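FYI, it's all coordinate maths here, none of it is from the lab. As the structure is a prediction and not an experimental result, all values here were calculated from the model. Cβ coordinates were reconstructed from backbone atoms using ideal geometry, including for glycine residues, and neighbour counts include every protein chain displayed.
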């Protein structure tokens with residue numbers, strides 16, 4: 001009888017030990033937010049070159065376009081500061097050593113939607129100097145710098 005009692009106690013202890021080691025589960029929430037962002041990858045230039053007052057024709061150069069990308073599905077808006085030599089909202093190049101200006105147009109598509117960094121977008125800036133705006137200009141170098149901003 002003692003052996004039977006010992007066996008029952010041993011079985012009970014093993015059963016209790018098994019209950020003390022019962023398994024359980026839980027969950028871990030995982031999350032992230034992809035930030036809508038836009039980045040310029042290249043600047044641009046508008047090379048008007050030599051403006052000949054004797055010709056007096058409007059000059060529209062081939063623009064070396066800035067490039068950028070925006071996060072996939074992110075809408076963007078581009079704006080500019082009208083250049084360093086603006087008068088109101090008129091873009092103007094300034095003579096290197098005189099207080100003389102040549103106005104020029106500066107247009108582009110200001111909004112759209114990005115498709116991710118593998119889909120670089122080329123801007124579509126167009127710019128013209130009217131002949132009437134340089135036929136009476138002093139000889140010399142004229143320049144301006146326009147700062148573009150892109151906002152997602």
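I'd like to check something: does the stretch 85-108 contain any residue that is touching a residue at least 40 places away in the same chain (Cβ under 8 Å) and within 17 Å of residue 38 (Cα to Cα)? Checked the stretch 85-108: no residue is touching a residue at least 40 places away in the same chain (Cβ under 8 Å) and within 17 Å of residue 38 (Cα to Cα). Note on the stretch 61-84: residues that are without any contact (Cβ under 8 Å) to a residue 24 or more places away in the chain and under 25 Å from residue 132 (Cβ atoms) amount to 1. Considering every residue within the stretch 26-38, establish whether at least one is under 20 Å from residue 126 (Cβ atoms), surrounded by fewer than 16 Cβ atoms within 10 Å (Cβ to Cβ) and either under 12 Å from the mean Cα position of the chain (by Cα) or free of Cβ contacts under 8 Å to residues at least 40 places away in the same chain (or both). No; the residues of the stretch 26-38 include none that is under 20 Å from residue 126 (Cβ atoms), surrounded by fewer than 16 Cβ atoms within 10 Å (Cβ to Cβ) and either under 12 Å from the mean Cα position of the chain (by Cα) or free of Cβ contacts under 8 Å to residues at least 40 places away in the same chain (or both).
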